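Participant: Would you mind keeping the following structure in view while I ask a few things?
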Amino acid sequence: MKLAITDAFLRTLAPPPKGERLEVRDETEAGLILRMTHGGAATWSVRGRVGTDGRHSRVKLGTWPALGISAARSEARKARGTLETGADPVASKRAVRQARKATKEAVKAAEGETVSARLLEWQRARLGDPAAPWSPRYAAEVVRVCDKVIVPALGAKLLRATTREDWTALIQGRKADAVARKAKRKTDEPAKRGAPAKGGAGAAAFLYRTASAFLNYAEALGWIAAPMLPRKGAATIAPPPPDRARVLTDAELAAIWKAADREPPKLRAFTRLLMLTAAREREVADMVAGELDLEAGRWSIPGARTKNRVGYVLPLSPLALAELRTVWPNEVPEPGDFILGRSASNGFRGFGRLKLRLDAASKVTEWRWHDLRRTARTGMTRLGVPRDHAEAAINHISGRSALERTYDRHDYAPEVIAALTLWQAHVAGLVSASAEVVPLPKRRRPAG
């Protein structure tokens, strides 16, 4: 409930039934909330934006009745002021707790010189490196492969006592295990899980990159005398899988779009927004209300949510806006509320199951969600969008040289809007009931 809270009103509150929680939002002080449990405990908190990066945090202020409404509002203003400076007391306390826990684990691991302990030190150092921070998704992948693969095999050993044979055998075994799991999945449970198993080559290549980065770091700090893996040995020990080249045809895009009609509104919106915006799966799945301006037709993704940590603004065509308005909450959402998840507190999950249903309904197979992004990028080129504009439209900076990135500081925002608007118009033509589906024109070679 939301109202202008008074002390008199607070005295009328009764604890909610067991298993439920009463929540009262203050209309007078933005973000101020009182939560009461079945036991009668009532706690004040305030929710606010952290700096300008789009993140939100909820800061506990105290308990009621020890803290009345007037004092709670005063504390809320102070807390929001702190958050607006970019400081996040909640995240800081969480980070301190995590750091203390990690330190205890490292000390416990054989005086900190085992592979397990050194991996923890390396991860903390890399996560805290402001010059080259890991994205949350990449960090999670590194932690997962360390915890699931490296630590069980080598974690108890002293790092300096491991050999090249230990590491190469681990990587080659990873490839064999991944291939075996993928084969078993195809045989035993072909349709239970939609996300395809990572191929053996891909799993081994990622493990090689992770282990090599760790061992090079270990050598630089003197933990080991020489690297355990050759710096140029990836091609021999764990060659990466070939780059995917799948680009969907216009007919396939139209078929997938039509197949999404059978899905619930949020799942349909997820599918179609991926096709229209060329954004990454997690960027669409975790979009929040505060990023979207439906009146202006713009979606601003903060750097904290992008793979390269660079934020950018995307246009929203009438088709995209129609999908978003269908799933928009009836009540005005909080800026941090997720739009496509089952609730406002979670983003969308279930990519694999959704894709299995789309495959069956559309008869389009052998594609992945990320292929929609490649298809849009290829389509923009065919529509005549200059290369650097199309790269900016999918938030790629890897295609520019270091020299270009140093001297060309233009953010390409207008070009991104123009490129994606053109692509979205093309998709609109494909799915229009009255339009004839016409394939993209072939790109003409310059005369001469």
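Just so you know, all these numbers are worked out from the coordinates, no wet-lab data involved. Quantities reported herein were computed from a predicted structural model and do not represent experimental measurements. Note that each Cβ is placed from the backbone with ideal geometry, even for glycine, and that neighbours are counted across all protein chains shown.
Participant: Tell me, what HN-Hα J-couplings in whole Hz come from the Karplus equation 6.51 cos²θ - 1.76 cosθ + 1.60 at θ = phi - 60° for each residue of the range 420-430, using x for Gly and Pro?
Facilitator: In residue order, the calculated couplings are 6, 4, 5, 5, 5, 5, 5, 4, 4, x, 5 Hz.
Participant: Which loop GluC sites (Glu not before Pro) in the range 228-323, with loop taken from DSSP, have no more than 13 other Cβ atoms within 10 angstrom of their Cβ?
Facilitator: Listed in order of number, the matching sites are 295.
Participant: Kindly identify the range 250-431 as rounded, prolate or oblate by the Cα gyration tensor criterion: order the square roots of the eigenvalues as a ≥ b ≥ c, call it rounded if a/c is under 1.5, otherwise compare a/b with b/c, prolate if a/b is larger, else oblate.
Facilitator: Since a/c reaches 1.5 but b/c is at least a/b, the shape of the range 250-431 is classed as oblate.
Participant: Label-point separation (nm) for residue 4 and residue 322, each offset 7 Å from Cα along Cα-to-Cβ?
Facilitator: 4.3
Participant: Where in the range 243-278 does the amide nitrogen come within less than 13 Å of the point 7 Å from the Cα of residue 366, taken along Cα to Cβ?
Facilitator: 245-249
Participant: How large is ³J(HN,Hα), in whole Hz, for each residue of the range 5-21 in order, when computed from phi with the Karplus curve 6.51 cos²θ - 1.76 cosθ + 1.60 and θ = phi - 60°, using x for Gly and Pro?
Facilitator: Result, ordered by residue: 6, 10, 4, 5, 5, 4, 5, 8, 5, 10, x, x, x, 4, x, 10, 9 Hz.
Participant: Relative contact order for the chain using alpha-carbon pairs under 8 Å, separation at least 6, rounded to a whole percent?
Facilitator: Relative contact order here is 11 percent.
Participant: Shape call for the range 2-89 from the C-alpha gyration tensor, a ≥ b ≥ c root eigenvalues: rounded (a/c under 1.5), prolate (a/b greater than b/c) or oblate?
Facilitator: Note, shape of the range 2-89 comes out prolate.
Participant: Starting from 0.36 nm per residue, how many nanometres of slack lie between residue 235 and residue 99 once their C-alpha separation is accounted for?
Facilitator: Additional length available on full extension: 45.3 nm.
Participant: Here is a follow-up. Among 222, 352, 202, which one moves the most in a GNM of the chain with springs linking Cα atoms closer than 10 Å?
Facilitator: The residue with the greatest mean-square fluctuation here is 222.
Participant: Could you check what % of the DSSP bridge pairs in the chain are antiparallel, to the nearest 5?
Facilitator: Percent antiparallel among DSSP bridges in the chain is about 95.
Participant: Using +1 on the beta carbon of Lys and Arg, -1 on that of Asp and Glu, and nothing else charged, what's the dipole of the range 2-89 about the Cα centre, debye to 20?
Facilitator: Charge dipole, the range 2-89, about its Cα centre: 140 debye, nearest 20.
Participant: Taking amide hydrogens as modeled 1.01 Å from N in the peptide plane, which residues meet the under 5 Å criterion relative to residue 88, leaving out close sequence neighbours?
Facilitator: Placed amide hydrogens put nothing under 5 Å from residue 88.
Participant: Here is a further query. As an exercise, use a Förster radius of 56 Å and the Cβ-Cβ distance of residue 78 and residue 298 to find the FRET efficiency, rounded to the nearest 0.05.
Facilitator: 0.95
Participant: Restrict the search to the range 10-102; then list the GluC sites (Glu not before Pro) that DSSP places in a loop and that have at most 13 other Cβ atoms within 10 Å of their Cβ.
Facilitator: 20, 27
Participant: While we're looking at this one, here's another question. In nanometres, what is the gap between the two model label sites at residue 63 and residue 249, each 7 Å from Cα along Cα-to-Cβ?
Facilitator: 6.8
Participant: Note the listed values [x] -0.58, -1.09, -1.39; [y] -0.63, -1.13, -1.35; [z] -0.83, -1.00, -1.23, then indicate which one is log10 I(q)/I(0) by the Debye sum over Cα atoms at q = 0.08, 0.11, 0.13 Å⁻¹ calculated from this particular structure.
Facilitator: [y]
Participant: Residue by residue through the range 373-384, which ³J(HN,Hα) values in whole Hz follow from phi under the Karplus form 6.51 cos²θ - 1.76 cosθ + 1.60 (θ = phi - 60°), with glycine and proline marked x?
Facilitator: 5, 5, 5, 5, 4, 5, x, 5, 4, 5, 7, x
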